[in-house]
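**Q** Next up is a structure, given as structure tokens.
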Amino acid sequence: HPSLVKYGDVRTNNLLNPSNPLLISCHAFSTRGYHGSRGPDFRGLQSVDEIIVTAYEHLDDMSRRDVSAFWTCISKLMTKRQPKQRSKSSKNDNNIGEISFEDMEHMLYTIFDDTANGIKYYNARDLTEITLGMAKIVKILRQQGKRRGEDSSRVIIRRLLLSKDLNPNRELFKLFAGASIDKLDQFEARHLSNLAYAYALIDCVPEFDDRSDLFDHIAMNAVETKVEFNAQDMSNMVWAYVTVDKPHAVLFEAMGDQIVAYEHLGEFRPQALSNTVWAYATANVPHPKLFEKVANYIVESDSLVRFDPQAISNTVWAYAKAGISHPKLFERVAKHVVESDSLDRFIPQHLSNIVWAYATADVSHAK
């Protein structure tokens, strides 16, 4: 754990390290940012360091919504190539110059502790956005691994959000999971879906003292309140449960019933449709009416050009895996593939999955 950093009249250490008392000065969490003052505008900032400096300098003016936006912006910028540090940022005119590792460490730990300390003041949207932002950062850091000469901010964020073996900081994500279930009755459909999606991204299933887990609570809340999900929310929800290997039969039945009730599936993107049937097939959860609805929609579509190779591959794979016979669907997909100008867009895995699906479904198509 980094040494305690003295910076002006504020001291900070990691809130989640029980061996160190929390010394950070307490902000007025419940009223901060609501007395006419405005938090920083992160739009236009082009580097992670600029966002960190801007957030640190305006922390007392930031509302809980601003804090959630901070983590969202960090996750977006971490996937982009970082510009060299400049003397001034594009909008907030922060003279960041060269930032020492110790100063960057202090700023990030202060923002991190502030985020965690204010947890009871977040609403459903803010809790979801922070959790999703942090989960995306974890996924990025795990995919990219450690690099030589990487920015100090990246090193420190990794220390905050991941363990040494690059697993998510379980204590941190359990903290946000606990705060979420306390307010789960306030979550709208998109919040429930995004919360499940966030934890699935990092393969994290926080468990509680009563042996239940976060995904149990999300499923029960979604089913009992009969929340109306939109197309993308339903796709993300079932994908999340399959990804963490927790197929919830009652939830899947409810999701499937909602999809079947749609007059038209035009609201669904092709990837969402393919992910949905893939999830049901992978989870081995039967829902014949759902598979019939999706297949009929694809067959009746004027064109399948919106379906990319992965969506095509996942769709026929799902029907074969689930043992659903729908000859017209397989004929429609085969015709689309045969009439394609080139198969260059299909990677070998797509092609092998398609051939496997036709063989498994016992559907022949010579062309």
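The values are calculated or read from the model by the stated rules, or taken from the named source; none is laboratory data. Predicted model, so just to flag it, every value in this text is computed and none were measured. Here the Cβ is made from the backbone with ideal geometry for all residues, glycine too, and neighbour counts use every protein chain on show. When the accessible area is computed, the model is the full protein with side chains, heavy atoms only, and any ligands, DNA or RNA have been set aside. Shrake-Rupley method; radii C 1.70, N 1.55, O 1.52, S 1.80 Å.
**Q** Of everything in the stretch 266-289, what is crowded, with 19+ Cβ neighbours inside 10 Å and over 15 Å from residue 321 (Cα atoms)? Give them in sequence order.
**A** 268, 270, 272, 273
**Q** Inside the stretch 156-173, can you point out the residues that are within 22 Å of residue 110 (Cβ to Cβ) and in a helix (DSSP H, G or I)?
**A** Selection gives 156, 157, 158, 159, 160, 161, 171, 172, 173.
**Q** Quick check on residue 245: is it among the acidic types (Asp, Glu) and closer than 25 Å to residue 204 by Cα?
**A** Spelling it out, residue 245 is indeed among the acidic types (Asp, Glu) and closer than 25 Å to residue 204 by Cα.
**Q** For residues that are in contact (Cβ under 8 Å) with a residue 60 or more places away in the chain and either open to solvent by 20 Å² or more (accessible area, probe 1.4 Å) or of a type in the set (Val, Ile, Thr) (or both), tally how many sit in the stretch 159-179.
**A** Our first condition is that a residue be in contact (Cβ under 8 Å) with a residue 60 or more places away in the chain; within the stretch 159-179, this holds for 159-160, 169, 171-172, 175, 179.
Now drop any that are not either open to solvent by 20 Å² or more (accessible area, probe 1.4 Å) or of a type in the set (Val, Ile, Thr) (or both), which leaves 159, 169, 171, 175.
Looking only at that region, the number is 4.
**Q** Please go through the stretch 226-250 and give me each residue that is on the phi < 0 side of the Ramachandran plot and of a type in the set (Asp, Glu), ordered by number.
**A** Correct list: 228, 233.
**Q** Sticking with this structure for a sec: Would a scan of the stretch 315-329 turn up a residue that is without any contact (Cβ under 8 Å) to a residue 12 or more places away in the chain, more than 25 Å from residue 243 (Cβ to Cβ) and surrounded by fewer than 22 Cβ atoms within 10 Å (Cβ to Cβ)?
**A** no
**Q** Looking at the stretch 108-158, which of the residues that are within 16 Å of residue 184 (Cα to Cα) and among the β-branched types (Val, Ile, Thr) is surrounded by the most Cβ atoms within 10 Å (Cβ to Cβ)?
**A** Restricting to residues being within 16 Å of residue 184 (Cα to Cα) and among the β-branched types (Val, Ile, Thr), the top hit is 131.
To keep it simple, each residue is scored yes or no on (1) at pLDDT 80 or above; (2) open to solvent by 10 Å² or more (accessible area, probe 1.4 Å).
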position	(1), (2)
34	no, yes
49	yes, yes
73	yes, yes
78	yes, no
81	no, yes
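**Q** Quick check on my filter: what residues within the stretch 332-341 are at pLDDT below 85 and open to solvent by 50 Å² or more (accessible area, probe 1.4 Å)? Steps first, please.
**A** Our first condition is that a residue be at pLDDT below 85; within the stretch 332-341, this holds for 340-341.
Correct list: 341 only.
**Q** What are the residues in the stretch 327-359 that are touching a Ser or Thr at 6+ places or on another chain (Cβ under 8 Å) and either on the phi > 0 side of the Ramachandran plot or not in a helix (DSSP H, G or I) (or both), if any?
**A** 346
Let's see how each residue does on (1) without any contact (Cβ under 8 Å) to a residue 24 or more places away in the chain; (2) in contact with a His (Cβ under 6 Å, 6 or more places away or on another chain):
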residue: 219; (1), (2): no, yes
residue: 231; (1), (2): no, no
residue: 236; (1), (2): no, no
residue: 248; (1), (2): no, no
residue: 252; (1), (2): no, no
residue: 260; (1), (2): no, no
residue: 263; (1), (2): yes, no
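**Q** Right, next: Can you confirm whether residue 335 is within 27 Å of residue 245 (Cβ to Cβ) and of a type in the set (D, E, K, R)?
**A** Details: within 27 Å of residue 245 (Cβ to Cβ): no; of a type in the set (D, E, K, R): yes.
No: the conditions fail for residue 335.
**Q** Still on this structure, I have one more. Looking at (1) open to solvent by less than 40 Å² (accessible area, probe 1.4 Å); (2) in a helix (DSSP H, G or I); (3) touching a helix residue (DSSP H, G or I) at 6+ places or on another chain (Cβ under 7 Å), which one does residue 232 not meet, given that it meets all the others?
**A** Unmet for residue 232, out of (1) open to solvent by less than 40 Å² (accessible area, probe 1.4 Å); (2) in a helix (DSSP H, G or I); (3) touching a helix residue (DSSP H, G or I) at 6+ places or on another chain (Cβ under 7 Å): (1).
**Q** Here's a check for you: in the stretch 344-367, which residue that is modelled with pLDDT under 85 and small (Gly, Ala, Ser) is farthest from residue 278 (Cα to Cα)?
**A** 366
**Q** Name the one entry in 223, 205, 227 that is open to solvent by less than 50 Å² (accessible area, probe 1.4 Å), at pLDDT below 95, over 19 Å from residue 275 (Cβ atoms) and in a loop (DSSP other than H, G, I, E, B).
**A** 227
**Q** Continuing with this model, one more query. How many of the residues making up the stretch 235-258 are open to solvent by 10 Å² or more (accessible area, probe 1.4 Å), closer than 14 Å to residue 195 by Cβ and part of a helix (DSSP H, G or I)?
**A** 3
**Q** Can you tell me which residue in the stretch 300-313 is farthest from residue 279 (Cα to Cα), limited to those that are part of a helix (DSSP H, G or I) and open to solvent by less than 40 Å² (accessible area, probe 1.4 Å)?
**A** Only one residue tops the list, namely 309.
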